[in-house]
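Note sheet for the following structure.
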Amino acid sequence: MTATVGTTTYDAVTVGDRLPELVIPLTRTLIVATALATRDFQDVHHDPALAVERGSKDVFMNILTTNGLVGRFVTDWAGPHASLRRIAVRLGAPNYPGDEMTLTGEVVAKDDGLVTVNIRGANSLGDHATGTVVVAWTAGGNR
């Protein structure tokens with residue numbers, strides 16, 4: 001799970017730009033630790049036996065972790081002069097341990113200092129997360 005922080009500026013972004021793909025290995029440690037770090041103590045995120053008892057095949061990633069990874073994906077591309085203004089994510093297929101999630105994105109709008117990126121996080125079961133992220137740049141990023 002490595003990525004290079006970008007140096008994209010608002011002026012350099014154009015509609016249709018694609019963000020560099022990011023592949024995230026979905027380890028049990030990542031899923032459990034991030035659920036606990038976000039204070040989400042629901043057993044389906046850390047206890048495999050109880051997750052199965054509740055109808056899941058294993059523990060699965062929580063939405064707070066998904067939102068954080070989506071934010072990281074976009075800010076890695078946008079660079080240090082960008083800030084997230086809005087994240088709107090819809091969950092689909094669960095992220096289970098032993099799989100991987102591939103994040104992709106495309107710039108779909110650029111207007112009045114804001115850039116909208118459509119994102120998709122897919123795993124072997126299908127789309128885990130789809131949605132949009134709105135980004136703005138500070139003065140160092142041409143806006």
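The values are calculated or read from the model by the stated rules, or taken from the named source; none is laboratory data. Predicted, not measured: the structure shown is a model, and the values here were computed from it. In this analysis, Cβ positions are derived from the backbone assuming ideal geometry, glycine residues included, and neighbour counts consider all displayed protein chains. With ligands, DNA and RNA removed, areas are computed over all heavy atoms of the protein, side chains included. Shrake-Rupley method; radii C 1.70, N 1.55, O 1.52, S 1.80 Å.
Of note:
- Test set (1) part of a strand (DSSP E or B); (2) surrounded by 14 or more Cβ atoms within 10 Å (Cβ to Cβ) - Ser83 fails condition number: (2)
- Set Gly16, Gly6: member being part of a loop (DSSP other than H, G, I, E, B), open to solvent by less than 70 Å² (accessible area, probe 1.4 Å), modelled with pLDDT under 95 and among the small types (Gly, Ala, Ser): Gly6
- Against the test of being in contact with a helix residue (DSSP H, G or I) (Cβ under 9 Å, 6 or more places away or on another chain), at negative phi, part of a helix (DSSP H, G or I) and open to solvent by less than 70 Å² (accessible area, probe 1.4 Å), the options Thr66, Thr34 yield a single qualifying residue, Thr34.
- Residues satisfying the stated conditions in the range 107-125, i.e. assigned to a strand (DSSP E or B) and either more than 15 Å from the chain's Cα centre (by Cα) or β-branched (Val, Ile, Thr) (or both): Val107, Val108, Ala109, Lys110, Asp111, Leu114, Val115, Thr116, Val117, Ile119
- Only one of the listed residues (Val44, Val70, Val89) is more than 14 Å from the chain's Cα centre (by Cα) and of a type in the set (Val, Ile, Thr). That residue is Val44.
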